[in-house]
Amino acid sequence: GEDVEQSLFLSVREGDSSVINCTYTDSSSTYLYWYKQEPGAGLQLLTYIFSNMDMKQDQRLTVLLNKKDKHLSLRIADTQTGDSAIYFCAESIIGDDKIIFGKGTRLHILP
Amino acid sequence: DTAVSQTPKYLVTQMGNDKSIKCEQNLGHDTMYWYKQDSKKFLKIMFSYNNKELIINETVPNRFSPKSPDKAHLNLHINSLELGDSAVYFCASSQKGAQGYTFGSGTRLTVV
């Protein structure tokens, strides 16, 4: 079945790197996504990676995909207070029309 | 111009009432969705419509009925509201060939 797992909480000091991890079960995934949800707001697509890639970088964000282990990570360099949010890992499945979301990782920034 | 807009933003109502939430997208997308986010922030898909046709109907009670008058609109009607229906409901849209969804800002439904 389809399942996306991620830890629920992460605390990081301002200026350090944050690494949010995610595992998924469906090997026929096509795209894997990271969404950001700030308090009281909707979900904002941060970045995505196609399942035949292993890395994607976009400014402070680096996505790493280990397809063999079905492991996806999001690294945020130089974490700022504005990065405080819930980060959702998600996957879309070949032939399916829906995106399956993980339970979200709440990133807390320490001063 | 808001890409995916939902109304109302907040809805407080009594148990047993019937209510509707509206969603409109001006992106020209073919597919629209309703997701429910519970108090623990877990997101679950409820429905998906492609060009006014129901594509996905997850295990949602019959009290929930989506309606898509055209491909730019997907409304959600809920009958006989229950306490457990309290949640944030997100509308989203997507286009084949493009990646990810565009989400609305959510409707916070509180049933008292």
So the strands (runs of 3 or more DSSP E) completely within the range B:15-77 holding 2 or more residues that are out of contact with any Pro (no Cβ under 6 Å at 6 or more places or on another chain), modelled with pLDDT under 95 and more than 14 Å from chain A (Cβ to nearest Cβ) are B:64-70
Within the range A:84-111, the residues that are more than 19 Å from residue A:31 (Cα to Cα) and in contact with a Gly (Cβ under 7 Å, 6 or more places away or on another chain) are A:86
Exercise. Kindly indicate whether any position in the range B:9-20 is surrounded by 15 or more Cβ atoms within 10 Å (Cβ to Cβ), touching a strand residue (DSSP E or B) at 6+ places or on another chain (Cβ under 8 Å) and within 11 Å of residue B:74 (Cα to Cα).
Key: no
If we ask which residues in the range B:59-95 are surrounded by fewer than 16 Cβ atoms within 10 Å (Cβ to Cβ) and either more than 13 Å from the chain's Cα centre (by Cα) or in contact (Cβ under 8 Å) with a residue 40 or more places away in the chain (or both), their number turns out to be 13
Going through (1) crowded, with 17+ Cβ neighbours inside 10 Å; (2) in contact with a His (Cβ under 8 Å, 6 or more places away or on another chain); (3) of a type in the set (D, E, K, R) one by one, residue B:36 fails only at (2)
Over the range A:60-76, the set of residues out of contact with any Asp or Glu (no Cβ under 9 Å at 6 or more places or on another chain) and over 29 Å from residue B:91 (Cα atoms) is A:68, A:69
Filtering the range B:96-112 down to residues that are assigned to a loop (DSSP other than H, G, I, E, B), within 12 Å of chain A (Cβ to nearest Cβ) and surrounded by fewer than 19 Cβ atoms within 10 Å (Cβ to Cβ) yields B:96, B:97, B:98, B:99, B:105
Of the conditions (1) at pLDDT 90 or above; (2) charged (D, E, K, R); (3) more than 13 Å from the chain's Cα centre (by Cα); (4) surrounded by 13 or more Cβ atoms within 10 Å (Cβ to Cβ), the single one that residue A:2 does not satisfy is (1)
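The values are calculated or read from the model by the stated rules, or taken from the named source; none is laboratory data. Since the model is a prediction, treat every value here as computed from it, not as a measurement. Every residue, glycine as well, gets a Cβ built from its backbone with ideal geometry; the counts of neighbours run over all protein chains shown.
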